[in-house]
Amino acid sequence: MASLSSYVSKGGFFRAVVEDGSDLIFIVDYEGKILYHNNSVKGTLGYKAKSLIGKNFFDYILPSTRAALVGTFNHIKRKLFQEGIEFQFLCKDGSYKYLEFNSINLRPREKMEGFILDCRDITQRKKDAEELQRAQKAKEQFLANISHEIRTPINGIAGMAALLTQNPSDAEQSLYLSAIQSASENLKVIINDILDLASIESGKLNFEKIAFNLSEMFYSLKSTFDHQAREKRIALQFDLEPEANQLVVGDPVRLNQILINLISNALKFTHRGRIDVKCTVFKREKKTVHLRFEVTDTGIGIPQDKLFTIFESFSQADASVTRKYGGTGLGLTIVKQLVELQGGHISVKSVLDEGSSFSFVLPYELSKLKTSSAHAYAVKGKTDKTLRGLRVLLVEDNDINRLYATTILKNWGCVTMVAENGFVAVEKVKDETFDAVLMDVQMPVMDGFEATKLIRALDNRAKRTVPIIALTANATRKDFEKCLAEGMDDCLTKPFTPDDLFKILTRYRPASNAVTSATASKETESRRSRIDFSYLKTVSNNNEEFIREIIDTFIDTIPEHLHQIKTCLLINDWEEVARVVHKIKSSLSLLGLQDVKNLAIEIENSIKDESQAAQFTEMVDSFIDSLQFEINHLKEIKKQSIVD
């Protein structure tokens, strides 16, 4: 029988294969004595060349698994080849690494009692597997939580609705309806959390850049949470440092969302004492201010060992927290992501049974706009809303959604017709005249996209250009882009509020259907059309046919350009937005729309001037809104004599 030492000493092919390879190669006898190892052992395990020769392989195995590996050696003596044996090997620094070997038994062919062990470092693979398993368990727990969280409000809604059918008293009716409304709001919060997380993880979440006022936001937040705080007898205090009380440019909706999450959590876990919300200037630069927000409570606190996991997806500090207080475990994950995606950072300090303090810092550009131009977060009071005479076609296959929308429209004085699918909608558009179409996307028989295509292909210009507003439960940017690409004018995400619906219908209402309430009358006055036909009358010698042709061309072509601008704005392609705006600009002079043309020039210049970049989205929105208003006005005056 040839000796293992003579086998090891063989040169040529053997050394070429093992000496320069990246795998760890050991040659050991059946008892574990190491007869050879290659130089890769140093890089992976830290041992010098030849330093392990003569040592016993089993002495370096994790003690708790040593007996099992000895048993494996005895078993593979009877096999020519064995693969995928995992073990942990002691490194020079005292740590253990996960390795995996494939063994070649030398006895059958070489008549030597030993193995060649071809080993690979699988430490990272094991860590990844453990992390995957941990994440899988967390997701399973999350699914169990979310199932419970969704079922609870649904059961509440169904139960209260059943009670309403049993002839309850007026007081009971009020109680049941209040419970339904509360459960619906809870359900909406849960669904919004899931959608937000999906948008964040897919990289499809966009951030606005508009001017807003922090004092107005704090006032609104205090109004939102005051009642809940009083019910729990908790003091709720907002403190805005005077230096931080200024107009800044950023995304007020996302900041509001972050603060709502943190304040809601503080209220949920605080049973006595107080909650303080503060904003201070953390750092000031030439054009930027870094604001520090802090939400501090005297609640139940968070154990120190849980502080590092509370921001992870699908987790709360403890499973019992979910059972006792509810929640999806997504709130703080979303908060952390929203902060970091805006270039900020968040931290938490907490003492068990004493309270917690969440603080985050966000950078904002300093605004050059006046206060009146800022995005307002004032408390919304009751306003008399009316869209009296506005003819609306509601295309919706769901009975409850149809009842909800038609009731709102009726309260505003709209003339409303309904269609249960796209096919019926197309026929109604052919037979009737509408100022706007609210088009559900997913419907039986014919969906909203197909119906829109057929409407846009109609011969009658007025009918094929009717504003079509998509109603969709899909809230991602990709879905919005698809709606625009399919020929729709805008998109309203379900579930929508009456305010959402009113705002979007107001944008597309014809000039003759202007809002007549006291509040809206001021808006109408400020939105008086700026169209001036003087230039066209001069160059055409008051040729009404020529002027009408110009108007028809404007009405036909501008909406397509507006679609393109909206789509490019969604994907932050500002240069393409500016290019399309430039294309429109020359047409504006023909109709005397000098104010809108000046806005187009500002949009083009903002691409070149970085100091105006913060207002870019706001300017483009204003440009779109102005043109849409003028298009609606042109449709109205087409019915009149232009040259009078």
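Here are a few things to note about the model shown:
- Region 160-183, subset at pLDDT below 80 and surrounded by 13 or more Cβ atoms within 10 Å (Cβ to Cβ), residue farthest from the chain's Cα centre (by Cα): A179
- Which listed residue is at pLDDT 80 or above and of a type in the set (D, E, K, R), from D595, D573: D595
- Hey, F101 among the aromatic types (F, W, Y) and at pLDDT 90 or above or not: yes
Yes/no matrix, rows are residues, columns are (1) more than 21 Å from L332 (Cβ to Cβ); (2) touching a Cys at 6+ places or on another chain (Cβ under 8 Å); (3) of a type in the set (A, V, I, L, M, F, W, C):
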site: H227; (1), (2), (3): yes, no, no
site: N265; (1), (2), (3): no, no, no
site: F269; (1), (2), (3): no, no, yes
site: R272; (1), (2), (3): yes, no, no
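- Note on region 36-69: among residues that are modelled with pLDDT under 90 and small (G, A, S), the one that is nearest to the chain's Cα centre (by Cα) is G43.
- Evaluating L197 against the criteria (1) out of contact with any Pro (no Cβ under 9 Å at 6 or more places or on another chain); (2) surrounded by 14 or more Cβ atoms within 10 Å (Cβ to Cβ); (3) at pLDDT 85 or above leaves one unmet condition, (3).
- For region 53-69, a residue qualifies if it is touching a residue at least 24 places away in the same chain (Cβ under 8 Å) and assigned to a loop (DSSP other than H, G, I, E, B), and exactly one does: L62.
- Considering F293, F238, F282, the condition of being of a type in the set (F, W, Y), at pLDDT 95 or above, farther than 30 Å from L132 by Cα and within 28 Å of the chain's Cα centre (by Cα) is satisfied by F293 alone.
- Subset of region 362-410 (residues that are over 18 Å from I469 (Cβ atoms), at pLDDT below 75 and of a type in the set (K, R)): K368, K370, K380, K382
- Residue in region 35-52 that is under 18 Å from R107 (Cβ atoms) and assigned to a loop (DSSP other than H, G, I, E, B) present: no
- Flag if D93 is in a helix (DSSP H, G or I) and surrounded by fewer than 16 Cβ atoms within 10 Å (Cβ to Cβ): no
Yes/no per residue for (1) aliphatic (A, V, I, L, M); (2) in a strand (DSSP E or B); (3) touching a Ser or Thr at 6+ places or on another chain (Cβ under 6 Å):
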residue	(1), (2), (3)
F207	no, no, no
A211	yes, yes, yes
F218	no, no, no
T224	no, no, no
H227	no, no, no
L255	yes, no, no
I263	yes, no, no
H271	no, no, no
T280	no, yes, no
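The values are calculated or read from the model by the stated rules, or taken from the named source; none is laboratory data. Nothing here was measured: the structure is a model prediction, and the numbers come from that model. Neighbour counts run over all protein chains shown; Cβ positions are idealised from the backbone, glycine included.
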